[in-house]
Amino acid sequence: MLTYGCFFEELLATQGELYVNNENGRSDLATEATFNGEEGLRVFE
């Protein structure tokens, strides 16, 4: 699997998960990655 950021972000989005905090940087500046949870790991299964 190619691990380009846009592919990874899309696979997270289809699971309802965000890539970074603060609503993916929409409500405020993103200050932390949030993709290291169960959904992020599931992308690579």
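Name the single residue, out of those in segment 16-28 being under 12 Å from the mean Cα position of the chain (by Cα) and surrounded by fewer than 13 Cβ atoms within 10 Å (Cβ to Cβ), that is farthest from LEU41 (Cα to Cα). Step by step, filter segment 16-28, then rank; the result is GLU23.
When segment 29-45 is filtered for residues that are in contact with a helix residue (DSSP H, G or I) (Cβ under 8 Å, 6 or more places away or on another chain), assigned to a loop (DSSP other than H, G, I, E, B) and either touching a residue at least 24 places away in the same chain (Cβ under 8 Å) or surrounded by 15 or more Cβ atoms within 10 Å (Cβ to Cβ) (or both), the ones remaining, listed by number, are ALA30, THR34, PHE35, VAL43. Going by what's in this entry, would GLU10 be described as of a type outside the set (Lys, Arg) and not in a loop (DSSP other than H, G, I, E, B)? For GLU10, the condition - of a type outside the set (Lys, Arg) and not in a loop (DSSP other than H, G, I, E, B) - is met.
Every number in this text was worked out from the coordinates using simple rules, so none of it is lab data. Just so it is clear, the model here is predicted, and its values are computed rather than measured. Counting neighbours? That spans all protein chains shown, and the Cβs are built from the backbone with ideal geometry, glycine included.
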